[in-house]
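Step one of this worksheet: look at the structure below.
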Amino acid sequence: MKKRSVLVFVSLLFCIFLSMNPNFQQLVEFPEQYLTQGNHEEPQVNGIWSKLIKVEKVSTNQIVSVSGVSHTLGSEKFEVSYKLFGIFPLRSGEVEVMKPMKLIPGGQSIGVTLQTKGVMVVGQAPVVDKSGKKIFPAKEAGIEVGDILLKIDNQEVRTDQDVSNAVHLAGEEKGNVDVLFKHQDQILEKKIRPIFCVETGRYRMGLFVRDEAAGVGTLSFLDPISKQYGALGHVITDADTNQKIEVSKGKVIASSIYAIEKGKRGHPGEKLGSFVSDSTFMGTIEKNTTTGIFGLMSGQVVNPYFNEAIPVGWESEVKIGPAKIYTVIQGEKIEEFNINIDRVMHNRTDSKNMIVRVTDPRLLEVTGGIIQGMSGSPIVQDGKIIGAVTHVFVNDSQRGYGVFIQNMINEGMKLDKKQAA
């Protein structure tokens, strides 16, 4: 009896030691790094822990799958209990096992055009009245750079010309105008008195506005069955305000790279490209998110290095070491280049999940490393697509950030049934 009590006491002490051990705590904090993936009766731990700890599945929850995405994008969550020798409870926690999925890596250079929801304020300018006085009607009413004009006198505005015409008409007819606009996350309404501008002969309220944006980037992946795609790996922001652009509509088509501005310390390089008029593919832009743009693709999308879709490598599978990226540096030809993943930053939900470094001599010679327009270039490691290039380090063009493909899928490919139909 005494020996049994001592054994229980020692086991309890060992349980306390394990529960305070940082390595064991990671089992709950980062369980996917320790669990094998696949279809198991219950999750299991790997390595030395499997000799000491039994993981018992308490309950199972199916995570909502994404409509229209092939291979049933989704995951399964387990409520589990960690027990020493399968007897003494240590801790409990929740683990998530991602289901298998395959995508076609991109690499194509794409031209992106989009129209904003409403009209974005990108600058302010004084209106010179008949007396020569400079007045800022909109600024004085509280409208700031980065705000989105939604309605003028209860009429929706979609273009800069809509704004100009509505303000001039209101100034002529009644001398003031009601402006509904979005300021950060608030919808506000202000009454503004337009000023007759002697320089233009029109009523104005002193704003520079923009209703569209365009640029060059790289396609990251395509789902071969649903035709959903992801590109860029980061959010599209307005060049003047650095604010996220709320997309009304947009499209992506093929682009051709005709020149490269090589990157150097303090000055990121850039791909110079033009849109291809007879593009073999075209995509809609349904979402502009932290991890890229997403929509539906039609036409022919071909990567010569991959005849078929390859497995997705989830966050837990990404590791420090060599990998490859696919991008265009001349014309429309996709090429393969060597990189190294120098650091992996788990549990970040933004577009900066790993630090990548270009090691390919040819790419370094031509571009200096990572350059603008390369954003979205897919990253493949051990035969799996694990992410996409997103940003370059301004003071070290050989290095930059990459986003986990898992984060792109989670944030971007959740198109509703109507969009994915």
Quickly run through segment 365-387 and pick out the residues that are in contact with a Phe, Trp or Tyr (Cβ under 8 Å, 6 or more places away or on another chain) and either in a strand (DSSP E or B) or over 18 Å from N353 (Cα atoms) (or both). P378, V380, I385, I386, G387
D350 vs (1) surrounded by 24 or more Cβ atoms within 10 Å (Cβ to Cβ); (2) modelled with pLDDT under 95: all pass except (1)
Boolean, I187 is over 25 Å from the mean Cα position of the chain (by Cα), under 30 Å from H234 (Cβ atoms) and of a type in the set (A, V, I, L, M): yes
Residue among K333, K324 that is modelled with pLDDT of 90 or more, basic (K, R) and out of contact with any strand residue (DSSP E or B) (no Cβ under 8 Å at 6 or more places or on another chain): K333
A239 versus (1) modelled with pLDDT under 85; (2) not in a loop (DSSP other than H, G, I, E, B): which is the lone unmet condition? (2)
Just to check your reading of the model, which residue among E212, E199, E189 is modelled with pLDDT under 90, farther than 30 Å from L103 by Cα, in contact with a strand residue (DSSP E or B) (Cβ under 7 Å, 6 or more places away or on another chain) and not in a loop (DSSP other than H, G, I, E, B)? E212
Members of segment 327-346 that are open to solvent by 30 Å² or more (accessible area, probe 1.4 Å) and over 24 Å from Q406 (Cα atoms): Q330, E332, K333
Test V276 against the stated conditions and say whether it is more than 21 Å from S255 (Cα to Cα) and touching a residue at least 40 places away in the same chain (Cβ under 8 Å). no
For G233, state whether it is on the phi > 0 side of the Ramachandran plot, touching a strand residue (DSSP E or B) at 6+ places or on another chain (Cβ under 6 Å) and crowded, with 23+ Cβ neighbours inside 10 Å. yes
S277 vs (1) outside any helix (DSSP H, G or I); (2) touching a strand residue (DSSP E or B) at 6+ places or on another chain (Cβ under 8 Å): all pass except (2)
Take the conditions on the phi < 0 side of the Ramachandran plot and open to solvent by 70 Å² or more (accessible area, probe 1.4 Å) and apply them to M282. Does it pass? yes
Looking at (1) of a type outside the set (K, R); (2) modelled with pLDDT of 90 or more; (3) in a loop (DSSP other than H, G, I, E, B); (4) open to solvent by less than 20 Å² (accessible area, probe 1.4 Å), which is the one condition that is false for T218? (3)
Restricting to segment 339-359, name every residue that is part of a strand (DSSP E or B) and free of Cβ contacts under 8 Å to residues at least 40 places away in the same chain. N340, R343, V344
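Residue-by-condition table, conditions (1) open to solvent by 30 Å² or more (accessible area, probe 1.4 Å); (2) touching a residue at least 12 places away in the same chain (Cβ under 8 Å); (3) of a type in the set (D, E, K, R):
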residue	(1), (2), (3)
V167	no, yes, no
K174	yes, no, yes
K182	yes, yes, yes
Q186	yes, no, no
K191	yes, yes, yes
Of the residues that sit in segment 353-391 and are open to solvent by 30 Å² or more (accessible area, probe 1.4 Å) and within 11 Å of G269 (Cα to Cα), which one is nearest to the chain's Cα centre (by Cα)? Q372
Test G402 against the stated conditions and say whether it is within 21 Å of N303 (Cα to Cα), assigned to a strand (DSSP E or B), touching a residue at least 12 places away in the same chain (Cβ under 8 Å) and open to solvent by less than 10 Å² (accessible area, probe 1.4 Å). yes
T289 - would you say it is polar (S, T, N, Q), without any contact (Cβ under 8 Å) to a residue 40 or more places away in the chain and either more than 13 Å from L222 (Cα to Cα) or out of contact with any Pro (no Cβ under 9 Å at 6 or more places or on another chain) (or both)? no
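The values are calculated or read from the model by the stated rules, or taken from the named source; none is laboratory data. None of these values were measured; they are calculated from a predicted model. Counting neighbours? That spans all protein chains shown, and the Cβs are built from the backbone with ideal geometry, glycine included. These area figures cover heavy atoms from the full protein model, side chains too; ligands, DNA and RNA do not enter into them. Shrake-Rupley method; radii C 1.70, N 1.55, O 1.52, S 1.80 Å.
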